[in-house]
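Engineer: Right, I'll just put the structure down here and ask away after.
No lab work stands behind these numbers, since they all come straight from the coordinates. Keep in mind the model is a prediction, meaning the values are calculated, not measured. Here Cβ is always computed from backbone atoms with ideal geometry, including for glycine, and neighbour counts include all displayed protein chains.
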Amino acid sequence: MAAHPSGGQKPTIVLVHGAFADGSSWTPVLERLQRRGYTAVAVANPLRGVRSDADALDARLATIDGPVVLVGHSYGGAVITNAKARSPKVKALVYVAAFAPAEGEAAAQLAAKYPGSTLGETLAPVPLPDGSEDLYIKPSLFRQQFAADVPARQAALMASTQRPIRNVALNEASGEPAWATVPSWFLLAGADKNIPLRAQKFMADRAGSRATVTVEGASHAVAVSRPDAVVTLIGRAAG
């Protein structure tokens, strides 16, 4: 692993995607991080439930040597909040248009805390055998809801490859938050239709964000449309 400018080991950047996306949603960010000499990995987030998804992330973190910066987008923020991030291994948390719930809160609850989210009316549920549902964004509405500042052709591919989230995951209560003890940085998407900007700012302020950056006009897919801003903030968190 590359050496850090301060003489220590450069942290590994672990990127956690959210709902309606997969690891490839981090590709523009990964390319830039690698050019900067970071080891970076976009993990597969199962999108089945907060606790089980955090357990899957913990299992992956256990295989990584040295310091880690955890980066979560959207629901991925709830997952990094519930990972065993209080381990000395994790030195920073970066929330990218992401949920940062307090104990007992759910993602759906936070999305509805302030007006502005139009996600609910765009969803297409698929019933599952256990009585729960997989939630997709209707492809015809995907760009306007999720990725308004992404080129139309690219947004159409994102709509076609989206991974569903189980409805119970969005309503599962969070555990003790990692941000209470681990330094955090927040990037806010100014034109987000999934998580209203006021809700993002509320969570950043509550978590005691070390630096909060608002990207004006950015959609929820800010890591795709504005990767330079995301990478710059990750670099600040990595130290």
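Engineer: First obtain the Kirkwood hydrodynamic radius of the stretch 70-182 from its Cα pairs, then insert it into the Stokes-Einstein equation at 10 °C and 1.306 mPa s, and state the resulting D in µm² per second as a whole number.
Structural biologist: D = 103 µm²/s.
Engineer: Further question: Where a Cα-Cα gap under 22 Å defines reach, which lysines qualify for residue 89, not counting those fewer than 8 residues away within the same chain?
Structural biologist: Candidates past the 8-residue exclusion: 10.
Engineer: While we're looking at this one, here's another question. Would you mind computing, in nm to one decimal, how far apart the modelled labels at residue 153 and residue 121 are, each placed 7 Å from Cα along Cα→Cβ?
Structural biologist: Roughly 3.1 nm, to one decimal.
Engineer: Going by average Cβ density within 10 Å per residue, which order do the peptides 25-37, 115-127 take, highest to lowest?
Structural biologist: Going by the mean number of other Cβ atoms within 10 Å, highest first, we get 25-37, 115-127.
Engineer: Could you state the angle between the C-alpha long axis of helix 197-207 and the longest principal axis of the C-alpha atoms of the chain, as a value from 0 to 90 degrees rounded to the nearest 10?
Structural biologist: 40 degrees
Engineer: Once fully extended, how much extra length lies between residue 58 and residue 109, figured as 0.36 nm per residue of separation less the alpha-carbon to alpha-carbon distance?
Structural biologist: This chain segment gains 15.9 nm when fully extended.
Engineer: Rounded to the nearest 0.05, what FRET efficiency do residue 130 and residue 24 give with R0 = 41 Å and r taken as the Cβ-Cβ distance? Could you check?
Structural biologist: Efficiency, rounded to the nearest 0.05: 0.90.
Engineer: Pulled fully out, how much extra length does the chain show between residue 181 and residue 9, if you take 0.36 nm times their separation in residues and subtract their Cα-Cα distance?
Structural biologist: My answer for the length gained is 59.7 nm.
Engineer: Computed over the Cα atoms of the stretch 161-239, what is the convex hull's projected area averaged over all directions, in nm²?
Structural biologist: Value for the stretch 161-239: 6.3 nm².
Engineer: About the Cα centre of the stretch 107-206, what is the dipole size in debye to 20, counting +1 per Lys and Arg Cβ and -1 per Asp and Glu Cβ, all else neutral?
Structural biologist: Dipole of the stretch 107-206, to the nearest 20 debye: 340 debye.
Engineer: Roughly how compact is the stretch 108-158, stated as its Cα Rg over 2.2 N^0.38 Å to two decimals?
Structural biologist: 1.33
Engineer: If you don't mind, another one. Springs between alpha-carbon atoms under 10 Å, Gaussian network over the chain: tell me which of 211, 102, 83 tops the mean-square fluctuations.
Structural biologist: 211
Engineer: Show the residues, 5+ positions off or on another chain, whose built amide H is closer than 5 Å to the amide H of residue 217.
Structural biologist: 190, 191
Engineer: So, one more: Residue by residue through the stretch 71-78, which ³J(HN,Hα) values in whole Hz follow from phi under the Karplus form 6.51 cos²θ - 1.76 cosθ + 1.60 (θ = phi - 60°), with glycine and proline marked x?
Structural biologist: Along the stretch 71-78, the couplings run 10, x, 10, 6, 4, x, x, 5 Hz.
Engineer: Another one. Using Cα-only point scatterers and the Debye equation, what is log10 of I(q)/I(0) for the chain at each q in 0.09, 0.10, 0.17 Å⁻¹, rounded to two decimals?
Structural biologist: The calculated log intensity ratios at q = 0.09, 0.10, 0.17 Å⁻¹ are -0.32, -0.40, -1.25.
Engineer: By average Cβ neighbour count within 10 Å, what is the ranking of 142-149, 39-46 from highest down?
Structural biologist: Descending mean neighbour count gives 142-149, 39-46.
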